[in-house]
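So the structure is just underneath, and the comments pick up after that.
The values are calculated or read from the model by the stated rules, or taken from the named source; none is laboratory data. Keep in mind the model is a prediction, meaning the values are calculated, not measured. Positions of Cβ are generated from backbone atoms using ideal geometry, with glycine treated the same way; all protein chains shown enter the neighbour counts.
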Amino acid sequence: MKTPFSYWEDQFFARSWDVIIIGAGLIGMQSARFLLRNHPSLKVLILERGYLPHGASTRNAGFACFGSLSELIAHEEKEGTGPMMDLVRKRYNGLKLLRQTVPDDLMNYEELGGYELFTSADSEAWSDCQKQLTRYNDLMKPLTGLPATYRLVTEQASSFGFNGVTGLIQNQAEGQLDTGKLMHFLWMETTRSGAMILGGAPVQSVQSGVVTLSDGGRFYAGTILVTTNAFTRQLLPSLDVVPGRGQVLVTDPIPGLKVRGAFHYEDGYYYFRDVGGRLLLGGGRNLDFKAEETTDFALTDLVQNRLKHLLKSVILPGKEVTIGYQWSGIMAFGAEKAPIIAEVDRNVWVAVRMSGMGVAIGTGVAKEVTDLMKV
């Protein structure tokens, strides 16, 4: 059989693996770390299509959050209390596990609180959240240990410099982190633990025991784990995984920036935070869901203009700001919010569909799937 590999490459790089992980994002690297922590002699290879894992792992907003109140209310209405709370537990416990496996100072973790803001256009949602606040605090108390996870803090809106905000709810147990520092730490620690990461290795197909690259090269392993999230249907088209593009902008440094913390708006479809004296703002997928169901990293005027309008009208009114960065990341969604953790072929596993909450649930998902894998 013809191969793009030399004899040496084929014998050492292609055939010497116990486990191959496809995707060097947060879940892929945490999975490798868990496997090698439990089985130090395993030979683990991670294949990454790009030179960086920039599907979402290096392109997210760095929110350490587990649920704004309006989002949880909507989830409960759609799927019921049990599935909603199951997912909240995965998020909350996933964040705890992340902090147990990555030191806070090496990802700049700050528990500044998460906030959800409402304007006059959101009066119905604001009213519903106020009515349900006590009940949700009762639901969260066994998890967070706080008597009031959610608090009404509308009086703080002016201290952040907002305009037109008629309601503000704080989640005291949420925080934020530095996505770049987190992923740098994971990359270094994953290789230090004994795994090999090969970038520039786009995978074309997966079957039991064999991973084929787009150039025809084949890698062999007893067990394969797919952690490609939004890009999974390119390899496994039958799975319920739908991409969702998240567009982001970051301002240039803003002297006297008052915003501190992680904020959600319009059922979480918009999100913003402070980062390095700048303001990061993302979202807008709800402006055109179908158009944003894509793995194309392009930006659109529709979304970017809406983000800039929110900056000027609500978040930073009266301030002249310039944009320093604009990018997009690709999330993964489906009919249900819960992740897919399953063996889809003999010794071929998937851990995908993070529903935009990969930072929160990714580490827990990595542990769950590696506990299930027989290696």
Is one or more of the residues making up the stretch 27-48 assigned to a loop (DSSP other than H, G, I, E, B) and buried (at least 24 other Cβ atoms within 10 Å of the Cβ)?
-> yes
Expected single match for in contact with a Pro (Cβ under 9 Å, 6 or more places away or on another chain), surrounded by fewer than 24 Cβ atoms within 10 Å (Cβ to Cβ) and touching a residue at least 40 places away in the same chain (Cβ under 8 Å) among Tyr109, Tyr51, Tyr92 is Tyr109
Identify all residues within the stretch 279-328 that are over 16 Å from His264 (Cα atoms), polar (S, T, N, Q) and in contact (Cβ under 8 Å) with a residue 24 or more places away in the chain; write none if there are none.
-> Thr294, Thr295, Thr300, Gln304, Thr322, Gln326, Ser328
Scan the helices (runs of 4 or more DSSP H) fully inside the stretch 50-150 and keep the ones with 3 or more residues being within 14 Å of Ala360 (Cα to Cα) and within 19 Å of the chain's Cα centre (by Cα).
-> 81-101
Which one of these does Val248 not meet: (1) surrounded by fewer than 19 Cβ atoms within 10 Å (Cβ to Cβ); (2) of a type in the set (A, V, I, L, M); (3) within 26 Å of Tyr51 (Cα to Cα); (4) in the same structural domain as Val321 (by TED's automatic domain parsing)?
-> (1)
Name every residue in the stretch 11-36 that is of a type outside the set (S, T, N, Q) and either modelled with pLDDT under 95 or not assigned by TED's automatic domain parsing to the domain that holds Val226 (or both), in order of residue number.
-> Phe12, Phe13, Ala14, Arg15
Kindly indicate the residue of the stretch 185-217 that is of a type in the set (D, E, K, R) and modelled with pLDDT of 95 or more and also surrounded by the most Cβ atoms within 10 Å (Cβ to Cβ) among those meeting that condition.
-> Glu189
The stretch 262-375: strands (runs of 3 or more DSSP E) wholly inside it with 2 or more residues that are surrounded by 16 or more Cβ atoms within 10 Å (Cβ to Cβ), in contact with a strand residue (DSSP E or B) (Cβ under 6 Å, 6 or more places away or on another chain) and among the aromatic types (Phe, Trp, Tyr) are 262-265, 270-275
